[in-house]
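Please treat every number below as a calculation from the coordinates, not as lab data. None of the values given here were measured: they were computed from a predicted structure. Virtual Cβ from ideal backbone geometry, glycine too; neighbours counted across all protein chains shown.
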Amino acid sequence: MEALKYKIKDITEKGYPVKETVKVSELQPEGVQSLPIEEISIEGLMTKVGHNFLFTGIIEGMYIHLCDRCLGEARYKLRKEILWLFEKGICDEYLNVIVKKGNVSETKKSKQKEREEFDELAEKRVYQGDEIDLSPYVWEELVLDTPYKFLCKENCAGLCYVCGKNLNYESCNCNKQQDTIGEVVNTKLSELLQTVNLKLKEE
């Protein structure tokens, strides 16, 4: 995926504008389950900050999936504000930054403290070589923001579990029939219990 890769030499203190529309299938890692979102747009600014690079921007898109209650179409709008700080380094397969341990001077400790304070605001990311690739981090955001449950609307009535009608658009008598059957069953059980109790008293 070349669309979300940016050369370090092109990014200055004035900033490098980012504006892309990308098919999510192009961001999807090999062997990973697809997401219910076809396309996203990402817009922002990549800025050089000392030896590091700061990306501020917004990711937008639309998740589309079957409603978990009525099986109709459910939509969830994505609008994610991003603040990523990129520094040169390496990360594992889960995008966790690998930190090299060693002796740290007092000057470095002071600078490290300043960076840690800044890191509290910006999420730390790493890059390698001469370019920054946003693709794996955009994919990560899409995964984390995928709703665990899709509903066409909050008060979706769902499907009738007896006849399968979509109760958002039409009604049925199945529930009434079930209630009637339930009342009959309860009445018969009550009569049976009363008969048993009477027999026990007689004995």
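Tell me, what is the FRET efficiency for CYS163 and GLU39 to the nearest 0.05, using R0 = 30 angstrom and their Cβ-Cβ distance as r?
0.20
Compute the FRET efficiency between ASP130 and GLU81 as 1/(1 + (r/R0)^6), taking r as their Cβ-Cβ distance and R0 = 30 Å, and round to the nearest 0.05.
Working: r = 28 Å, r/R0 = 0.93.
The computed FRET efficiency comes out at 0.60.
Fewest Cβ neighbours within 10 Å first, please rank ILE64, ILE82 accordingly.
So the ranking, lowest neighbour count to highest, is ILE64, ILE82.
Label-point separation (nm) for LEU71 and VAL49, each offset 7 Å from Cα along Cα-to-Cβ?
Modelled inter-label distance: 5.0 nm.
Using 1/(1 + (r/R0)^6) with R0 = 35 angstrom and r between the beta carbons of VAL32 and ASP10, what's the FRET efficiency to the nearest 0.05? Working shown, then result.
Numbers: r = 30 Å, r/R0 = 0.85.
It comes out at approximately 0.75.
What is the range 1-58 by shape, rounded, prolate or oblate, if you read a ≥ b ≥ c off the alpha carbon gyration tensor as root eigenvalues and call it rounded for a/c under 1.5, prolate for a/b larger than b/c, and oblate otherwise?
Note, shape of the range 1-58 comes out prolate.
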